[in-house]
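Report on the following structure.
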Amino acid sequence: MIAHRLSTVKDCDIIIVLKFGEIVESGSHDELLSRPEGHYRNLWMKQSEQTQKELEEKERKLREEEEFKRALENRKLPILKQKLSKDYEVEELDDDKKKTDKKGIQFDDDDDE
């Protein structure tokens, strides 16, 4: 198997590391990572950092999208309330918490409980 993404070969029994077409290291993933100055270890660290940055960027974009959606909803809510208040001007009938809308339809007011 030939791979550029090291996570692809991580579980292989033996990994052969090439640099400029020549074998510079071989061993298991754990063996290669244990070499402080190893080429595989350096590549692994760089790819891990890049993957982490990509994940952070993806999370940041998701947070921004959620904030944008909330901002839109917050804008819609006052407009919706204003429209509803025009369509349903509510007036109190008496103490039994019954109300009627502009069209004369009676309903229970559960908001006060």
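Nothing in this text is a laboratory measurement; each read-out follows from the coordinates by a stated rule. What you are looking at is a predicted structure, and each value in this text was computed from that prediction instead of being measured. All Cβ positions, glycine included, derive from the backbone under ideal geometry; neighbour counts span all protein chains shown.
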Going through segment 6-34 one residue at a time, which ones are out of contact with any helix residue (DSSP H, G or I) (no Cβ under 6 Å at 6 or more places or on another chain), within 19 Å of S48 (Cα to Cα), part of a loop (DSSP other than H, G, I, E, B) and not acidic (D, E)?
-> C12, S28, S34
Enumeration of residues in segment 27-37 that are surrounded by fewer than 13 Cβ atoms within 10 Å (Cβ to Cβ) and of a type outside the set (D, E, K, R) | S34, P36
